[in-house]
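Beneath this line is the structure, given in structure tokens, with notes to follow.
The values are calculated or read from the model by the stated rules, or taken from the named source; none is laboratory data. Remember, predicted model here, so these are calculated numbers, not experimental data. Methodologically, a virtual Cβ is constructed for each residue, glycine included, from the backbone with ideal geometry; neighbour enumeration extends over all protein chains shown. Only protein heavy atoms, including side chains, enter the accessible area calculation; ligands, DNA and RNA are left aside. Shrake-Rupley method; radii C 1.70, N 1.55, O 1.52, S 1.80 Å.
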Amino acid sequence: MLLPCVAIGCRRIPRPLSDIDIAVLLIWASDVAQCLTSVNASSSVLSLGPSTTALAVYALVRCGVNRRMLVSGICCIGLILAITMCGTFIVFKRAVMNAAFENSYNFRYLLNPMGLTLNMATSMLLITSGFCFIGKSRWAGAAGTLVCFAIMLSFSRGAILSLILLAATLALFVRPWKEGLKRAGAIAVAAVIVGIFCHGEFTTASGMNRTASQQQSTMSRVNGTEAALQVFMERPVTGHGTGNYMQATDRINDPDNSVALTNLAPNWLSQIAVEKGAAGLALYALLGIMAATATWRGRHRRTTIVCACTLTALAFKEMTQSTVLYRPGGMILTCIMLALLQPHGKEYRYSVKTSVIGTAIFALCLIAVDTASYRATNLYNLTAKAAALSKNGEFEKALRILDNGGTYPYLETAKAIVEINAYTATGDTAILSRAYGRLQPSGQTDKLNASLTEYTKMLKGDTGNACNSDISDPTGYYKARVLYTAGEKIQATNAMARYVTLTPALLDIIMHDTMLTADTAFMKQLQATLLADKPGKTPHRPKMPVTVTRHSALATPCRQNSHC
């Protein structure tokens, strides 16, 4: 709908197009096409909002925004984020040290500056460091040093290596040599200061793959890449659709949290391959070639070289975990960097004619898409309110709140969960049938919906396939409880033991379940089953710190202190 709008209007304005412009437009067009080919169109439509916003910002920068003011503004944003990161780390490290731990390295995942995960924050900081190094003033250089200092405080192996790469490329390619060495020196100063004041964390991070947690983190990325390759082969041309990486890979990921540490894509190539297929990989390869060509043409322009070095370091960082493609801010900053890589329109072979009316219509469409994305984000707030009401037994009120959000598949699943809870509390079979009806349309494509569908069947009395449930089944414990009420206690014991082994917190729920705790014979059998599966006893449970700790967590509620 947007493309014909460009041709409408009374006054046409010629716009030069570069090779990178065409590649960016093609990637955006593929995001639009993904809404038609995606296995889950809802996610692709929601992802179109940030993609369209990033395209609009890219176009504004290319059309003549004051670049000096833009770079200064982004430097200020990076400075604020860096100060927040440093302040958060000081409070965080003090809390860890007060708990008598030697250093904070193994607790980094708890550090979320400004609500961002640590990997997302470091990627954003890495991009803003490039904007700081574009500036010529002393304050921009100081801001760049502080931003690099904040990146080092993440003690992320990928971030540290990407900073080393950034420093090396700046020193090698920025001319005059003095300017390149000055920027590389700022990174080196940040690393030295962090190494002095956070010696324990820095030494552990520098070991790269020395500790058990680092080895586990590396293996999770290897396993994630293998899972992505397997999913890619299912839809190799168009992929599963933008925004559907987690849904596509969740059903084949290992449920054991000692194997997989995160649901994020292990690298950006895996994410693009799963979501956009070979077509998407080809478009990003085209963008890379065009960017390399533009860099060669502008190799005597300092801003071009700094942008190219930053984008190279970012691409390397994203090969350790894909985060930029999940954050609208990261996408926008990357597009701005791509725009700044190119000089204002000179050497371009292509041109298009745009119109005032067409541009206005495009702007209105952009507002509409972003408004829809913002509204969809608010659906999560609705489900949080509904969950709180459902927990208090106010099921009708919870359903009314969810009804206000529309008929999104996400909300239909939430309504089904509320109705299942209502059935559990009241025993009204009509409510259960209504929940089953909501789950039917998407029960075969989504793991949670498929699990809930099977659970409702069991509540209706069909327990035939219960023992064949996937070990990563999100409703596995509740299905095991249905088996217990149906009198199949042996199956219930084995099933509960499997799910509790993967999620020890479930044992707390069991210990407060009066129906189960009243059956002393059943509880003794369950505890014996749980404690018998010791780490290292079988190949699927290696004797690693995480499995030993988890086994200890199971022993504690069972009051097996010596075992613990």
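Would you mind finding the one in A294, A282, A248 that is small (G, A, S), assigned to a helix (DSSP H, G or I) and modelled with pLDDT of 95 or more? If you could, list the steps in order and put the result at the bottom.
Values: A294 fails: modelled with pLDDT of 95 or more; A248 fails: modelled with pLDDT of 95 or more.
The match here is A282.
Considering segment 383-403, and only residues there that are open to solvent by less than 70 Å² (accessible area, probe 1.4 Å) and more than 22 Å from T453 (Cβ to Cβ), the residue that is nearest to the chain's Cα centre (by Cα) turns out to be A384. The residues in segment 404-439 that are touching a residue at least 60 places away in the same chain (Cβ under 8 Å) and open to solvent by less than 10 Å² (accessible area, probe 1.4 Å) can be counted, and the count is 0.
Results for (1) under 29 Å from N40 (Cα atoms); (2) outside any helix (DSSP H, G or I); (3) at pLDDT 80 or above; (4) over 32 Å from the mean Cα position of the chain (by Cα), shown as yes or no for each residue.
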{"position": "G405", "(1), (2), (3), (4)": "yes, yes, no, no"}
{"position": "L411", "(1), (2), (3), (4)": "yes, no, yes, no"}
{"position": "T424", "(1), (2), (3), (4)": "no, no, yes, yes"}
{"position": "A430", "(1), (2), (3), (4)": "no, no, yes, yes"}
{"position": "Q440", "(1), (2), (3), (4)": "yes, no, no, no"}
{"position": "Y477", "(1), (2), (3), (4)": "yes, no, no, no"}
{"position": "I490", "(1), (2), (3), (4)": "no, no, yes, yes"}
{"position": "T493", "(1), (2), (3), (4)": "no, no, yes, yes"}
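Residues considered: M208, M219. Of these, the only one that is modelled with pLDDT under 85, hydrophobic (A, V, I, L, M, F, W, C), open to solvent by 10 Å² or more (accessible area, probe 1.4 Å) and outside any helix (DSSP H, G or I) is M208.
From G158, G144, G115, G180, grab the single residue that is open to solvent by less than 20 Å² (accessible area, probe 1.4 Å) and modelled with pLDDT under 85.
Numbers: G158 fails: modelled with pLDDT under 85; G144 fails: modelled with pLDDT under 85; G115 fails: open to solvent by less than 20 Å² (accessible area, probe 1.4 Å).
Within the list G158, G144, G115, G180, the selection yields G180.
Annotation note: Cβ proximity below 6 Å between a residue of segment 309-337 that is closer than 24 Å to L172 by Cα and a residue that is outside any helix (DSSP H, G or I) and open to solvent by less than 20 Å² (accessible area, probe 1.4 Å) (sequence gap 6+ or interchain) occurs for M319/N267.
Given the criteria in contact with a helix residue (DSSP H, G or I) (Cβ under 6 Å, 6 or more places away or on another chain) and touching a residue at least 40 places away in the same chain (Cβ under 8 Å), does T117 qualify? Quick ask: steps written out before the conclusion?
Working: in contact with a helix residue (DSSP H, G or I) (Cβ under 6 Å, 6 or more places away or on another chain): no; touching a residue at least 40 places away in the same chain (Cβ under 8 Å): yes.
So T117 does not fit the description; no.
Among the conditions (1) farther than 30 Å from V194 by Cα; (2) surrounded by fewer than 19 Cβ atoms within 10 Å (Cβ to Cβ), C86 misses just one, which is (1).
Among residues of segment 179-198 that are touching a residue at least 60 places away in the same chain (Cβ under 8 Å), those with a Cβ under 6 angstrom from a residue that is of a type in the set (F, W, Y), sequence gap 6+ or separate chain, pair up as R183/F133.
Checked across segment 83-99, the condition of being part of a loop (DSSP other than H, G, I, E, B) and at pLDDT 85 or above holds for at least one residue.
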